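Bear in mind that the values in this text are calculations on the coordinates, not laboratory data. None of these values were measured; they are calculated from a predicted model. Glycine gets a Cβ as well: all are built from the backbone with ideal geometry, and neighbour counts include every protein chain shown.
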Amino acid sequence: MILVMKLKGTRQAILRRVQPISIHGQISWDVYFSDSDDPNGTVHTARVGPEAMEAGLEPDDPIKLECLMGAVTSVRRSKG
């Protein structure tokens, strides 16, 4: 599947894993996710700051990714 990222938009996905990472003392999150349309397909990664990540997300949760110019800016629980 070829992924085409819009200039600005949202994307439905399945959360696979969240890995905290510290770069020079600044905590960020590496978010691993699969496309909702192909849950067994490629696992993608996005790095976001703690303010962009909804608390309490667990592996296999449906999530909504807010994107701007191909970069993930927000990770939230999908409402359905």
Problem - Given charges at beta-carbon only (K, R positive; D, E negative), |dipole| of the range 34-80 in Debye - result: 180
Practice task
Using θ = phi - 60° and the Karplus relation 6.51 cos²θ - 1.76 cosθ + 1.60, list the HN-Hα couplings for the range 9-21 in order, rounded to whole Hz, with x at every Gly or Pro.
Solution key: x, 10, 8, 8, 8, 10, 6, 9, 6, 10, 10, x, 9
Completion exercise
Residue-ordered couplings for the range 50-63, obtained by feeding phi - 60° into the Karplus form 6.51 cos²θ - 1.76 cosθ + 1.60 and rounding to whole Hz (Gly and Pro as x), are x, 5, 9, 10, 5, 6, x, 6, 10, x, 6, 5, x, 10
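Highest mean first, how do 42-55, 14-27, 62-75 rank when packing is the count of other Cβ atoms within 10 Å averaged over residues? Kindly include the intermediate steps, with their values, before the conclusion.
Numbers: 42-55: 13.3, 14-27: 11.3, 62-75: 16.4.
By packing density, highest mean first, the sequence is 62-75, 42-55, 14-27.
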Handout entry: Rg over Rh, two decimals, the range 8-77 (C-alpha only, Kirkwood Rh)
Key = 0.95
Completion exercise
For Asp61, Asp30, ascending order of other Cβ atoms within 10 Å (fewest first) is Asp30, Asp61
Handout entry: J(HN,Hα) series, the range 38-46, from Karplus relation 6.51 cos²θ - 1.76 cosθ + 1.60, nearest Hz, glycine and proline x
Key = 9, x, 9, x, 4, 9, 9, 10, 9
Problem - Length-normalised contact order for the chain - Cα pairs under 8 Å, 6+ apart - percent - result: 35
